[in-house]
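Engineer: Okay, handing you the structure first.
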Amino acid sequence: MSSRVHACEHTVGVAAPAGVVYGMLADAARWPVFLPSVVHVERLDFDGVQERLRMWELADETGAGNPGNPGNADADADADADADAGAGAGAGVGVGGVLGGRVGSWYARRVLHPDVRAVVFEQEDAVWPGSVTSGVWSVRPAGETECVLGLRQERGLAVAAADGAGARREAEADVHRRLAQVRRAAGRWEQWDELLLSFEDRVRIEGPAELVYDFLYRIGDWPGRVPHVERTGVCEDVPGIQVVSLDTCAAPGGRTVSTRAVRLCFPHAGRIVYKETLTPELVAAHSGEWSLLPDASGVTVVAAHQVMLRQEAVAPVLGAGTGLLEARDHVRAWLSRASTETLGLAKWHAESTVRRLR
C-alpha cells in the first residue's frame, strides 16, 4: 500500500445569487431536504464560526462511485441528478466520498467565512477509511442572480498502486458531481418559499417512553398494527440503521403509494430520524423525525416533517389549474394524517400495556 494526496479544483456557474448559494452550503442541517445523498446531519458543536458535524450519507446506487469520464463529469452529474429527481430524490451533494450504495457516517469540522462566502472543511473520508478529505467551497458573485461555485478537495488516498489511477478519476468525478448537484438544487431558489414546508404533530401519551419508542422502532410490525401500512420490508445490517420499503394507502383516495427510506435509530436519545429515498409523485424530498420528550408522568411524541414539493407533478396529480398552495395543503394533510394515526396507535399500545400490567 502507498499513500498519496490528490488535489482537484473545479468551478461551475449557478443561476442563483451568491448569498443564496453560500447560505445553502452553510446550513448543513437542511441538506437532507435539498440533497438526496445526505440522510441526516447533526451539529455537535458551533461557536458561530467553527462547527463540528456528524453526517450520514447514502450513495446514489445508479451512478455514484463510478469514476466515469472526468471530461464529461458535469454531464454525468446532471444525468445522475435527473435520475435521482425521477426517483423522488431531488439533487444531492455532500462533503465527502460516496459509499457505493451503503449508508455511512463520519465527522466533519467546518469553518464558515460569510464575509468571503467560503466554507473550509476537513473530514474522515467515506470511501477510503483512515484517509482525510479537506477542502473549501467558495462562492463568487457573477451578477445579481448568478454566481460561480467552486470546490477544491484534497484527498489522502491510501490505496494500492494499481488502484491509484482509478481513485484519482473517482475523486475528480466526485467534485464535478457535487458541483453539478448544488447547481441544480440552488437553481430553484426563487420558488423555495412555495416548494418547502415544515410542520409537526404532537401526541401526549400517559405511558413509558420505552414502550412508545419500541412501537416506532419495530416498523416491520406496522402492517398488522397501523391500518394505512399495507406492507413493509426492513433491512438492518448495521444496528440502528434501517433501510425500509413501505406500501401505504394513506394518500387521498386510498390508492397504494410505495416509498423507501433510511431510518437512523437513537434509542438512548429517544429519536428516530429518516430520509425518504423514493417518494410519492408530489414530493421531491421528505425527511423527518420521531422524537420523544419524557416527563414525570409520561411522554410527548413529536412527528416532524420537512418536505420539498415537486412542482412539475402538481398538475398531473391534482389536476390542471391546481396551484402550489393547494398542493402544500394536500401534502401536509396526508402526511399529517398518516403520522397522527401512527402516533395514536403508539399511544394505545403504550397506555394499554400499562393498564394490563397494573
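Residue-by-condition table, conditions (1) open to solvent by 50 Å² or more (accessible area, probe 1.4 Å); (2) assigned to a strand (DSSP E or B); (3) at pLDDT 80 or above:
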site: Gly135; (1), (2), (3): no, yes, yes
site: Val139; (1), (2), (3): no, yes, yes
site: Thr145; (1), (2), (3): yes, no, yes
site: Val148; (1), (2), (3): no, yes, yes
site: Glu154; (1), (2), (3): yes, yes, yes
site: Ala162; (1), (2), (3): yes, no, no
site: Arg169; (1), (2), (3): yes, no, yes
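Engineer: So which residues in segment 205-217 are farther than 16 Å from Glu341 by Cα and either in contact with a Cys (Cβ under 7 Å, 6 or more places away or on another chain) or in a loop (DSSP other than H, G, I, E, B) (or both)?
Structural biologist: First pass over segment 205-217, keeping only residues farther than 16 Å from Glu341 by Cα: 206-211, 214.
If the condition is that a residue be farther than 16 Å from Glu341 by Cα and either in contact with a Cys (Cβ under 7 Å, 6 or more places away or on another chain) or in a loop (DSSP other than H, G, I, E, B) (or both), then Glu206, Gly207, Pro208 are the ones that fit.
Engineer: Here is a further query. With the requirement that a residue be open to solvent by 10 Å² or more (accessible area, probe 1.4 Å) and in contact with a strand residue (DSSP E or B) (Cβ under 8 Å, 6 or more places away or on another chain), what does segment 312-329 give you?
Structural biologist: The answer is Leu324, Arg328.
Engineer: Name the single residue, out of those in segment 177-204 being basic (Lys, Arg) and in a helix (DSSP H, G or I), that is modelled with the lowest pLDDT. Spell out the reasoning first.
Structural biologist: Filtering segment 177-204 down to residues basic (Lys, Arg) leaves 177-178, 183-184, 188, 202, 204.
Okay, now just the ones that are also in a helix (DSSP H, G or I), so 177-178, 183-184.
On the way: Arg177: 83, Arg178: 86, Arg183: 93, Arg184: 91.
It comes out as Arg177.
Engineer: Hey, another quick one. Does segment 203-216 hold any residues that are surrounded by fewer than 17 Cβ atoms within 10 Å (Cβ to Cβ) and within 27 Å of the chain's Cα centre (by Cα), and which are they?
Structural biologist: Glu210, Asp214
Engineer: Count, please, the residues in segment 218-259 that happen to be out of contact with any helix residue (DSSP H, G or I) (no Cβ under 9 Å at 6 or more places or on another chain), touching a residue at least 12 places away in the same chain (Cβ under 8 Å) and either among the small types (Gly, Ala, Ser) or surrounded by fewer than 17 Cβ atoms within 10 Å (Cβ to Cβ) (or both).
Structural biologist: Here the count works out to 7.
Engineer: Return only the number of the condition from (1) of a type in the set (A, V, I, L, M, F, W, C); (2) in a loop (DSSP other than H, G, I, E, B); (3) modelled with pLDDT of 85 or more; (4) within 24 Å of Pro36 (Cα to Cα) that Trp128 does not satisfy.
Structural biologist: Against the list (1) of a type in the set (A, V, I, L, M, F, W, C); (2) in a loop (DSSP other than H, G, I, E, B); (3) modelled with pLDDT of 85 or more; (4) within 24 Å of Pro36 (Cα to Cα), Trp128 comes up short only on (3).
The values are calculated or read from the model by the stated rules, or taken from the named source; none is laboratory data. Fair warning: this is a prediction, and the values are worked out from it, not measured in the lab. When we count neighbours, we look across all protein chains shown, and the Cβ atoms used for this are built from the backbone with ideal geometry, even at glycine. Calculation scope for accessible area: heavy atoms of the full protein, side chains included, ligands and nucleic acids excluded. Shrake-Rupley method; radii C 1.70, N 1.55, O 1.52, S 1.80 Å.
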